[in-house]
Structure formats: structure tokens, C-alpha cells
Amino acid sequence: MQQDVVIKNQVFKKNSDGSWVAVQNTDIEVPIGTVRIPRGMVFRTGMQFYGIDVAALLDRDLSSG
């Protein structure tokens with residue numbers, strides 16, 4: 001299911017510790033519907049947000065170009 005989640009990586013900034021921070025509010029579709037990620041929310045690999053590892057998805061998108 002996670003592979004189907006689309007996250008706009010331009011609204012996130014990667015921190016020096018490897019975590020990601022939302023630089024503006026954004027909405028994502030998760031299994032239960034649409035949820036808002038507020039500006040300033042930090043994600044680390046392995047952290048689940050409504051069943052989604054946001055940091056892992058952003059890392060994957062970054063590495064795939």
C-alpha cells in the first residue's frame with residue numbers, strides 16, 4: 001500500500017541528521033483518507049504516520065531521481 005502514496009517532495013527539506021521536515025502544509029492520501037501534514041513536522045526513517053513511512057518514501061524518491 002505504501003508504494004501507492006504520493007508525497008510532494010518539494011514541500012520537504014532533508015536535515016543533516018537524515019530526517020525530513022515539512023516546509024509547508026501538505027495533504028497526503030493514506031489508507032483512511034486524506035490527512036494534513038503540518039509545516040514543521042519532522043519525519044525519521046521507521047516512523048509511521050498513519051501507516052506510512054514518510055521519510056523512507058522521500059529517501060526513495062530522492063535516490064530515484
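Points to keep in mind about this one:
- Residue that is farthest from residue 62 (Cα to Cα) [pool: residues in segment 1-30 that are among the acidic types (Asp, Glu) and open to solvent by 80 Å² or more (accessible area, probe 1.4 Å)]: 29
Matching residues to (1) touching a helix residue (DSSP H, G or I) at 6+ places or on another chain (Cβ under 6 Å); (2) in a strand (DSSP E or B); (3) on the phi > 0 side of the Ramachandran plot; (4) of a type in the set (S, T, N, Q):
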{"site": "7", "(1), (2), (3), (4)": "yes, no, no, no"}
{"site": "10", "(1), (2), (3), (4)": "no, no, no, yes"}
{"site": "13", "(1), (2), (3), (4)": "no, yes, no, no"}
{"site": "16", "(1), (2), (3), (4)": "no, no, no, yes"}
{"site": "24", "(1), (2), (3), (4)": "yes, no, no, yes"}
{"site": "29", "(1), (2), (3), (4)": "no, yes, no, no"}
{"site": "35", "(1), (2), (3), (4)": "no, yes, no, no"}
{"site": "40", "(1), (2), (3), (4)": "no, no, yes, no"}
{"site": "46", "(1), (2), (3), (4)": "no, no, yes, no"}
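- When residues of segment 31-65 are limited to those that are of a type in the set (Ser, Thr, Tyr) and touching an Asp or Glu at 6+ places or on another chain (Cβ under 7 Å), the one surrounded by the fewest Cβ atoms within 10 Å (Cβ to Cβ): 34
The values are calculated or read from the model by the stated rules, or taken from the named source; none is laboratory data. No experiment lies behind these values; they were computed from the predicted model shown. Quick reminder, even Gly has a Cβ in these numbers, built from the backbone with ideal geometry, and neighbours come from all protein chains shown. Just the protein is used for accessible areas: all its heavy atoms, side chains included, with ligands, DNA and RNA removed. Shrake-Rupley method; radii C 1.70, N 1.55, O 1.52, S 1.80 Å.
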